[in-house]
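**Student:** The structure is given below, and queries will be raised subsequently.
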2 protein chains.
Amino acid sequence: MHITEQLPYYAVIFTSNRTIDDESGYRRMNQRLETMVAKQPGFIGVETVRDDKGYGITISYWKDKKSIRAWREHTEHWIAQEKGKAKWYEWYRVQVCKVERAYSGGSNIPVAVSDDVKSNGDTDQGLVNGLEG
Amino acid sequence: MHITEQLPYYAVIFTSNRTIDDESGYRRMNQRLETMVAKQPGFIGVETVRDDKGYGITISYWKDKKSIRAWREHTEHWIAQEKGKAKWYEWYRVQVCKVERAYSGGSNIPVAVSDDVKSNGDTDQGLVNGLEG
């Protein structure tokens, strides 16, 4: 995913641990939400990774806080009908963040990086945050 | 990981695609950085997920921007000596964010969630951002 949005934009970080319950209900809900969110004003994109133990991070990107609020209001009624959603997650955390700085780098950078998301092939910050267990 | 930090705190989102090169060099660098970062003033914690294709999201949390800057300056010299770091990543993006709102929920919420990170067992925002492919 490329982000060509002007800074600052917003990120909603969703960290979670999936339960093993109701896999088909979960997938159905996700597919439906994906279709809906793509049409939503102010939606920039989404990135998601989940490991084989059910632990995952999903980040959705938004133009501003108003867009995040509108999406929540848009889906509230629909989600309320999907009873028992808590069962899909053992645990989750939501963090709403203002993205103040962004840049990218690496040995094979995709082309469509805008001026707003600075490209930098040799930056320290990148490595510094590539901490993994 | 529990976050008990007062809002607002900071998140550094590191999204990347690993190359398959130099696995041992990469692991050595990561272990070294993990030890170093844990002692760093203002460091709150780190969350990381990588899938089997090499795509990953790592988020480090910090008390303030000053702490992020200090960590970068602290590691700059050391990292400069580790030549060719760009080879570890095909591509990466770094986003520095101010976390303005945080809450958690689910059917099995861990205990040590502070008052600052609001707990909410039945929230719409959670589901809304659980979008997965």
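**Student:** Open to solvent by 40 Å² or more (accessible area, probe 1.4 Å), closer than 25 Å to residue B:16 by Cα and not hydrophobic (A, V, I, L, M, F, W, C): does that describe residue A:48? Talk me through it step by step, then tell me what you get.
**Tutor:** Values: open to solvent by 40 Å² or more (accessible area, probe 1.4 Å): yes; closer than 25 Å to residue B:16 by Cα: yes; not hydrophobic (A, V, I, L, M, F, W, C): yes.
Answer is yes for this residue.
**Student:** Can you name the residue in the stretch A:14-34 that is within 10 Å of chain B (Cβ to nearest Cβ) and out of contact with any helix residue (DSSP H, G or I) (no Cβ under 9 Å at 6 or more places or on another chain) and, of all such residues, is farthest from residue A:88 (Cα to Cα)?
**Tutor:** Applying the filter and picking the extreme gives A:34.
**Student:** Within the stretch A:65-116, count every residue that is modelled with pLDDT under 80, of a type in the set (Ser, Thr, Tyr), surrounded by 14 or more Cβ atoms within 10 Å (Cβ to Cβ) and farther than 30 Å from residue A:20 by Cβ.
**Tutor:** Qualifying residue count, the stretch A:65-116: 1.
The values are calculated or read from the model by the stated rules, or taken from the named source; none is laboratory data. What you see is a predicted model, and the numbers here were worked out from it, not measured in a lab. A quick note on method: Cβ atoms are made from the backbone with ideal geometry, for glycine too, and the neighbour counts reach across all protein chains shown. Accessible surface areas use protein heavy atoms only, side chains included; no ligands, DNA or RNA. Shrake-Rupley method; radii C 1.70, N 1.55, O 1.52, S 1.80 Å.
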